[in-house]
Amino acid sequence: MTTGRISVYESKEQEAAAEDPAPMQISTQRPSSPSHDIDEKVAADIHSDHRSPSLSSTSISVSSTTVEAIQPEIMTAGGSDDDDTGVSPGSIKPVIFQAPPDGGYGWVVVGACFLNNFSMLGIMFSWGIFQQLYTTEVFPGQVSAVSWIGTLAFGCMYIIGGMFSLFAARIGYRKMILTGSIFVAGGCIAASFATQVWHLYLSQGILYGIGAAMANPCILAAPPQWFVARRGMASGIGISGSGIGGLVFSVLTQKLNASIGHRWCLRVLGIIVWCSMVISGMLIRQFSTTGQHVNVSRKDFDIMKQPAFLIMISGVLLTSFGYFSPLNLLPSYAVDHSLSQSQGAMLNSFLNGASFFGRFVGGVFGDRFGLINLTLLCVFASSLTTLVIWMMANSSLAVLLVYVTLYGLMGGGFISLLAPVLAEQFGTSSLTILVGVTFGVNGIGSLLGTPIAAAILANLGGGTGPGALHAYRGAIGFIGGIMAAGSMVFFYMKHKVGGKRTVADTT
């Protein structure tokens, strides 16, 4: 059983200095224990999350025998007559900390995140089915114009999500998710009445994306707050819902479009996603080691200036230009290479199904072999499979299935590892803000990546006719090449900060 004791004394005379924070001095005594890495993690998270300007003396002692022994114990705070602090008991104000439980209600939070991602992101990841339908039946020939609809949704979710993360940290995750559910469902239903492409820009693109932007920072930041030793695994399970959702909704969307038409299909999807997000919003909870809401502070912006953070978001930016493009282009690629629409939908389903395992396994192996190590591997392998396997696939369904399986495994691991890497490197006190900013940068690439690939495709003669193979190879080369550049940035980050860490970088 884990034992933890933290004694914290807060002088009333020092409360007036709250506007001018000073670093808290922490001395950590680590007993000899085979699991001292876990002790360091707990102490580092507490150090990161609670740099109080008014603490005059802090003593931390944490011991642990096994990883599983971490319990959600309240770290006692207060004073006694024999405390050697130099502060009289009458002027002492107790502060109570609580260690992350590494389980408990945290698993309910993980389940809520899984459910939200299953519907909200699952529908977004099945966008390729709608793109193929729109360009062949509803708005024929408008490939470049239609490609912006899906990227608008992803771009809004990530870019605007960076701004919404400031509100999420202050007003709470539940209100953000419940409000977002109205926008997401409204975007689906409004799109069902669209008669022009720009109608879809506003509804299925921007309105849906704004709703997703309200929920996404909360969903990404919540699981790491509840876990230490299993942080990567918990985040991987939560975000893997998007892979299962993409698998299910790719098939469901194709069947509903064929049976009841795309307008009623959108309305049905709107009802499903609203119900799922409401349930998720009611179950989710933030975890704070002080039991109080985390507000935006100057410390958050100081972290964003650190070289490690700037290197990381540079790698994320480059990778994001290529990351979503295969998902959006593969259904059209299949049809343009003499495969059927159902086979195109099957490719999307396989990719999303593989990404489910990639998100889960990436988190598990990230905990064991290093989160940055796995991030580098996932990005590099994604670019390699794109440049080698997809480039040479031509019209072979078997080769394409191999590609989408490998790409889903590697690409799914990349997106699930970002939040745990941020928590590991910079602590959890600023996690909501950092997740929002990082995925906001990711949104820039997701917003522009597919339209750039589609423009290359169009400029090289489009996807049909004698030049189809050459045109698609140009787009594939862009997708794989930009992700390869991203992998080099993550390699540089690994060189600077190390690939596997047991203590969050909070200095």
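Could you check, for the stretch 206-225, whether at least one of its residues is buried (at least 24 other Cβ atoms within 10 Å of the Cβ) and over 23 Å from Ile171 (Cβ atoms)?
Scanning the stretch 206-225 turns up no residue that is buried (at least 24 other Cβ atoms within 10 Å of the Cβ) and over 23 Å from Ile171 (Cβ atoms).
Residues being part of a helix (DSSP H, G or I) and basic (Lys, Arg): count how many of those fall in the stretch 194-231.
Here the count works out to 1.
Take the residues in the stretch 411-445 that are in a helix (DSSP H, G or I) and either polar (S, T, N, Q) or more than 15 Å from the chain's Cα centre (by Cα) (or both); name whichever of them is surrounded by the fewest Cβ atoms within 10 Å (Cβ to Cβ).
Taking the candidates together, the pick is Gln425.
If Phe183 passes every condition in (1) modelled with pLDDT of 95 or more; (2) over 21 Å from Leu447 (Cβ atoms) but one, which one does it miss?
Unmet condition: (2).
Which one of the conditions (1) in contact with a Pro (Cβ under 7 Å, 6 or more places away or on another chain); (2) modelled with pLDDT of 90 or more does Ser235 fail to meet, given that it meets all the rest?
The failed condition is (2).
Check Pro140 against each of (1) farther than 22 Å from Gly243 by Cβ; (2) outside any loop (DSSP other than H, G, I, E, B); (3) of a type outside the set (Asp, Glu) and name the one condition it does not meet.
Pro140 satisfies all of (1) farther than 22 Å from Gly243 by Cβ; (2) outside any loop (DSSP other than H, G, I, E, B); (3) of a type outside the set (Asp, Glu) except (2).
Within the stretch 199-251, can you find the residues that are without any contact (Cβ under 8 Å) to a residue 24 or more places away in the chain and among the hydrophobic types (A, V, I, L, M, F, W, C)?
Residues of the stretch 199-251 without any contact (Cβ under 8 Å) to a residue 24 or more places away in the chain: 199, 202-203.
The answer is Leu202, and nothing else.
Pairs, please: C-beta under 6 Å, at least 6 apart or cross-chain, first residue of a type in the set (D, E, K, R) and in the stretch 166-177, second outside any helix (DSSP H, G or I)?
Every condition considered, the pairs that remain are Arg170/Asn295.
Do we have Phe309 as within 13 Å of Leu418 (Cα to Cα) and of a type in the set (Phe, Trp, Tyr) here?
Criteria met by Phe309.
The values are calculated or read from the model by the stated rules, or taken from the named source; none is laboratory data. Just so you know, these numbers come straight off a predicted model, no measurement behind them. With ideal geometry, Cβ positions are generated from the backbone for all residues, glycine too; neighbour counts draw on all protein chains shown.
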